[in-house]
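Here is the structure we will look at, set down as structure tokens.
No lab work stands behind these numbers, since they all come straight from the coordinates. Model, not experiment: these values are computed from the prediction. Here the Cβ positions follow ideal geometry from the backbone for every residue, glycine too, while neighbour counts run over all protein chains shown.
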């Protein structure tokens with residue numbers, strides 16, 4: 001177990017290399033890089049992520065691959081991890097199989113992806129020193145928790161100390177309510193004590209939660225369907241005239257469709273009190289609601305701008321996900337929205353990356 005240096009001699013900074021499975025557009029990779037971790041590559045089956053990932057995460061590179069086809073031994077040979085380096089494995093499997101919106105849980109083959117991560121762990125000869133897993137909270141309950149129980153069993157067999165919790169990203173400085181299942185693990189050969197989660201930084205008696213205004217209040221206004229000439233990705237969806245009328249009748253700063261006159265109410269909402277976030281506006285003075293892959297569409301959630309007559313822009317969505325302002329997204333408009341909404345907030349990844357390394361270096 002590593003102990004604090006009391007000799008007065010400055011210790012060499014721990015060198016940590018990493019790979020990111022299911023890397024998407026690179027939110028997790030970006031956060032780990034910002035934490036000082038040398039991410040070598042990100043793997044994902046969808047090649048639409050490549051340009052965004054490679055443009056923003058150098059020297060890490062995007063590798064198109066189905067995780068089910070990857071071999072732990074082959075990955076280990078490619079990485080060429082040195083004896084004095086630590087190894088960080090990040091794996092954030094697609095959340096849709098476990099989402100409450102997915103009505104076909106038992107038929108979705110992607111549920112096995114977490115166990116594929118377990119298989120890869122078993123195949124590594126040099127076991128990773130750190131492991132980071134992120135998913136939606138429902139992963140702990142679907143199929144009576146069988147998938148997660150199997151994965152936990154693998155970690156126990158491989159001599160890992162691990163801990164999982166449902167956290168809210170807003171508690172760590174992300175300007176968004178985003179509840180997620182997080183698991184962190186440390187190889188007991190590196191650190192034998194129980195691993196702990198980082199302390200919350202925002203909330204009651206801590207730093208105030210970051211708000212929508214904190215994140216996007218500085219951006220210049222747009223009209224629906226407009227793209228800013230100089231601010232990359234500051235573009236928003238075009239709205240039909242009927243939806244412009246609906247937004248005009250939605251009170252600014254947190255209003256909902258419950259304020260609409262009857263002639264604007266959709267047929268599917270008649271005699272239906274649920275899903276009131278649809279067509280709603282965000283509130284300036286609070287964290288944003290959870291962003292999804294359709295976070296730039298007013299009909300898919302509370303994604304209306306707090307005061308302007310439009311949905312939030314791609315750049316605003318990225319800032320609410322705590323991406324850096326210079327992180328550039330590439331692709332078709334809807335695809336970029338999916339890249340943003342499905343990402344791990346880079347700030348959250350940075351917090352956990354720094355914590356794992358500092359925790360074991362005490």
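Normalised by the number of residues in the range 206-362, what is the relative contact order in percent for Cα pairs under 8 Å and 6+ residues apart?
On the way: 249 pairs, mean separation 37.3, N = 157.
Here the relative contact order equals 24 percent.
Say we join alpha carbon atoms closer than 10 Å with springs in a Gaussian network model of the chain; which of 18, 349, 278 then has the biggest fluctuation?
Looking only at 18, 349, 278, the largest GNM fluctuation is found for 278.
Among 238, 348, 206, which one shows the highest mean-square fluctuation when the chain is modelled as a Gaussian network with alpha-carbon springs under 10 Å?
Largest GNM mean-square fluctuation: 206.
Under Stokes-Einstein, with the Kirkwood radius over Cα pairs standing in for Rh, what whole-number D in µm²/s applies to the range 136-258 at 25 °C and 0.890 mPa s?
The diffusion coefficient I find is 129 µm²/s.
Which one of 147, 186, 174 has the biggest mean-square fluctuation once the chain is modelled by GNM with Cα springs under 10 Å?
With Cα springs under 10 Å in the chain, the top fluctuation among 147, 186, 174 is at 147.
Under 1.5 on a/c is rounded, so check that first for the range 216-362, then, if it is not, pick prolate when a/b is larger than b/c and oblate when it is not; a ≥ b ≥ c are the square roots of the alpha carbon gyration tensor eigenvalues.
Prolate, because a/c is 1.5 or more and a/b exceeds b/c.
In deg cm²/dmol, rounded to 500, what helix-only [θ] at 222 nm does the chain give when every DSSP H run of at least 4 residues adds -39500 (n - 2.57) and the total is split over its residues?
About -7000 deg cm²/dmol.
Please report the base-10 log of the normalised intensity I(q)/I(0) for the range 126-199, using a Debye sum with one equal scatterer per alpha carbon and no solvent, at each q in 0.12, 0.26 (1/Å).
-0.37, -1.20
Divide, for the range 273-345, the radius of gyration over alpha carbons by 2.2 N^0.38 Å, where N is the residue count.
1.05
Treat each spin label as a single point 7 Å out from the Cα along the C-beta direction, and report the residue 189 to residue 166 distance in nm.
The two pseudo-label positions are separated by 3.6 nm.
Distances longer than 33 Å among the Cα atoms of the chain: what percent of all pairs is that? Each step should come with its number before you reach the end.
Working: 21017 of 65341 pairs.
Result for the distance tail: 32 percent.
First measure r as the distance between the Cβ atoms of residue 82 and residue 122, then evaluate 1/(1 + (r/R0)^6) with R0 = 25 Å and state the FRET efficiency to the nearest 0.05.
Rounded to the nearest 0.05, the efficiency is 0.65.
Among 150-158, 177-185, what's the highest-first ranking by average C-beta atoms within 10 angstrom per residue?
177-185, 150-158
Return the Rg/Rh value of the range 223-268, two decimal places, where both radii are evaluated on C-alpha atoms and Rh is the Kirkwood radius.
Details: Rg = 13.4 Å, Rh = 12.2 Å.
Reported Rg/Rh (Cα atoms, Kirkwood Rh): 1.09.
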